[in-house]
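Asks: Got a structure for you, questions after.
The values are calculated or read from the model by the stated rules, or taken from the named source; none is laboratory data. In this text the structure is predicted, and so the values were computed from the model without any measurement. Using ideal geometry, Cβ is built from the backbone for each residue, glycine included, and neighbour counts are taken over all protein chains shown. Note: accessible area is taken over every heavy atom of the protein model, side chains too, but ligands, DNA and RNA are not part of it. Shrake-Rupley method; radii C 1.70, N 1.55, O 1.52, S 1.80 Å.
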Amino acid sequence: MKKTTYNGIFILLFLIIFGCKKENNKQDISGKMENISTSDYGVTPKGDSIKKYTLTNKNGMKVEVINFGGIITSLTAPDRNGKYEDVVLGFTKPEGYFDGNPYYFGALIGRYGNRIANARFALEGKTYEIDKNDGPNSLHGGKEGFHTRFWNIEVVKDAKFPTLKLSYTSADGEEGYPGKLTTTVFYTLTDDNALEISYEAETNKPTVVNLTQHSYFNLSGNFTKTITDHEMQINADHFLPVNETLIPTGEQKAVKGTPFDFTVSKPIGKDIGADDDQLKKGKGYDHNWILNGKGLRSIAKVYHQETGRLMEVFTDEPGVQFYSGNFLDGKFDTKTGGKNEFRTGFCLETQHFPDSPNQPSFPSTELKPGQKYQSKTIYKFSVKK
């Protein structure tokens, strides 16, 4: 009787312990799955079914990404009262993104972020003609750049934080660029309210690569308000002046004593209307700053006093293009009502310099077979009280 009783107790304890472990495992798996959800988003004119992936961290911050253009359609951040609101511009309907996305809202940009003069460059003795989609120049990889492409998206199941792996293979000759380029981008949403973006690329022929992310931010959460009241600091002592078509002249000019001095935080609108030749050419700020330091470091901070929202940008890139939304023209509805008017959003596009393939004094953007392009940028959100 005693032996039977002991055996029964042992079996009962075993079942209880095993059952608890099994139940805990279920809860862990369920918890991870709840951090990333998927839903149908729309169908492109080419017939591609587009999905939306929503990443959520433990604080309730959310980032929404679609597999068309790797586009971030929404990103929420808290204000000083703990209220999470969307802080990135975007279209109200999927068709806005599918129909060319003229502002590049939220998109992954490639093969070459920013401008290449006269839509051509020479590489290893051969001249390549690329898509001319910005006056005489090529902008953001051409009309059919990465922002218009279907990206394969996988959920990274063993990641510490919600992470998406996006991949796209660009064929040799696509938009005029040489080499078959395989690109991978990781979007990670951490528990300290940071969106981490990691880029990788490999090629089978010498080519040029300059990847970036083109989200427009408005930390007020109201997309009818301009961003001129946002206070910005950029860790850069020099910027690149441009010509009439916004191509760098090659000069690296000190910001001190100019409207381009953001070494100390100031409102974006403080000097934007100054009588300055460079501001007139860009219709505001649309220039590349040469960032101080190397490696992954803090390069910019933007603060919105009314809401208390603070955005800090980290990157290992040598430059950042600060664009003050000068070509937003009110043609489309915003997600908060009204229109996307002049200067209702700003971009901080971390990257190598514009027109680097044609300017040997700039850091090289050449990628050769056997090499791996790698870059990382972080947008971190907090509250300043």
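Asks: Filtering the stretch 251-262 down to residues that are surrounded by 15 or more Cβ atoms within 10 Å (Cβ to Cβ) and in contact (Cβ under 8 Å) with a residue 12 or more places away in the chain, which residue is nearest to L310 (Cα to Cα)?
Replies: In the first step, residues of the stretch 251-262 are kept if they are surrounded by 15 or more Cβ atoms within 10 Å (Cβ to Cβ); the result is 252-253, 255, 258-262.
Within this subset, residues satisfying the condition of being in contact (Cβ under 8 Å) with a residue 12 or more places away in the chain are 252-253, 255, 258-260, 262.
On the way: Q252: 29, K253: 28, V255: 24, T258: 25, P259: 22, F260: 21, F262: 16 Å.
Step by step, filter the stretch 251-262, then rank; the result is F262.
Asks: To continue, here is another question. Pairs needed: first member in the stretch 157-169, more than 22 Å from E144 (Cα to Cα) and modelled with pLDDT of 95 or more; second member anywhere, open to solvent by 10 Å² or more (accessible area, probe 1.4 Å) and of a type in the set (V, I, T); C-beta distance under 6 Å; at least 6 residues apart or different chains.
Replies: So the pair list comes out as F161/T188; P162/I36; T163/V156; T163/T188; L164/I153.
Asks: Can you find a residue that is open to solvent by 10 Å² or more (accessible area, probe 1.4 Å), at pLDDT 95 or above, β-branched (V, I, T) and not in a strand (DSSP E or B) anywhere in the stretch 189-208?
Replies: no
Asks: Right, here's the next one. Which of the residues that make up the stretch 156-202 are more than 14 Å from the chain's Cα centre (by Cα), more than 15 Å from N35 (Cβ to Cβ) and of a type in the set (S, T, Y)?
Replies: S167, Y168, T169, S170, Y177, T182, T183
Asks: G141 is checked against (1) out of contact with any Leu (no Cβ under 7 Å at 6 or more places or on another chain); (2) open to solvent by 10 Å² or more (accessible area, probe 1.4 Å); (3) in a loop (DSSP other than H, G, I, E, B) and fails just one. What number does that condition carry?
Replies: (2) is the only condition that G141 fails.
Asks: From the list L211, L246, exactly one residue is closer than 29 Å to V185 by Cα, crowded, with 23+ Cβ neighbours inside 10 Å and not aromatic (F, W, Y). Which is it? Working first, answer last.
Replies: Numbers: L246 fails: crowded, with 23+ Cβ neighbours inside 10 Å.
Selected residue: L211, the only one of L211, L246 that is closer than 29 Å to V185 by Cα, crowded, with 23+ Cβ neighbours inside 10 Å and not aromatic (F, W, Y).
Asks: Sticking with this one: Using the structure shown, decide if E154 is among the charged types (D, E, K, R), on the phi < 0 side of the Ramachandran plot and either outside any loop (DSSP other than H, G, I, E, B) or open to solvent by less than 10 Å² (accessible area, probe 1.4 Å) (or both).
Replies: It is true that E154 is among the charged types (D, E, K, R), on the phi < 0 side of the Ramachandran plot and either outside any loop (DSSP other than H, G, I, E, B) or open to solvent by less than 10 Å² (accessible area, probe 1.4 Å) (or both).
Asks: Something else now. Which members of the stretch 313-329 meet the condition of being open to solvent by 50 Å² or more (accessible area, probe 1.4 Å) and charged (D, E, K, R)?
Replies: D316, D329
Asks: Looking at G100, G106, G90, can you tell me which residue is more than 16 Å from the chain's Cα centre (by Cα) and of a type in the set (G, A, S)? Give the derivation first.
Replies: Numbers: G106 fails: more than 16 Å from the chain's Cα centre (by Cα); G90 fails: more than 16 Å from the chain's Cα centre (by Cα).
The unique qualifying residue is G100.
Asks: Let me ask something additional. Please state which one of N118, N101, N81 is polar (S, T, N, Q), assigned to a helix (DSSP H, G or I) and either open to solvent by 30 Å² or more (accessible area, probe 1.4 Å) or free of Cβ contacts under 8 Å to residues at least 60 places away in the same chain (or both).
Replies: None of the others qualify; the one that does is N118.
Asks: Given the residues F332, F362, which is the only one that is of a type outside the set (G, A, S), surrounded by fewer than 22 Cβ atoms within 10 Å (Cβ to Cβ) and over 21 Å from N114 (Cβ atoms)?
Replies: Residue meeting the stated conditions: F332.
Asks: What are the residues in the stretch 104-115 that are closer than 18 Å to T44 by Cβ and either out of contact with any Lys or Arg (no Cβ under 9 Å at 6 or more places or on another chain) or open to solvent by 40 Å² or more (accessible area, probe 1.4 Å) (or both), if any?
Replies: Here is the first cut: in the stretch 104-115, the residues closer than 18 Å to T44 by Cβ are 104-108.
Those that are closer than 18 Å to T44 by Cβ and either out of contact with any Lys or Arg (no Cβ under 9 Å at 6 or more places or on another chain) or open to solvent by 40 Å² or more (accessible area, probe 1.4 Å) (or both): Y104, F105, G106, A107.
Asks: While we're looking at this one, here's another question. Got a number for residues in the stretch 279-312 being surrounded by fewer than 21 Cβ atoms within 10 Å (Cβ to Cβ), among the hydrophobic types (A, V, I, L, M, F, W, C) and closer than 24 Å to T249 by Cβ?
Replies: Qualifying residue count, the stretch 279-312: 1.
So that you can scan it fast, the table gives a plain yes or no per residue for (1) open to solvent by less than 20 Å² (accessible area, probe 1.4 Å); (2) part of a loop (DSSP other than H, G, I, E, B):
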{"residue": "D131", "(1), (2)": "no, yes"}
{"residue": "H147", "(1), (2)": "yes, no"}
{"residue": "S167", "(1), (2)": "no, no"}
{"residue": "P178", "(1), (2)": "yes, yes"}
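Asks: Tell me which of these I29 doesn't satisfy, since it passes every other one: (1) open to solvent by 60 Å² or more (accessible area, probe 1.4 Å); (2) touching a strand residue (DSSP E or B) at 6+ places or on another chain (Cβ under 7 Å); (3) at pLDDT below 95.
Replies: Condition (2) is where I29 drops out.
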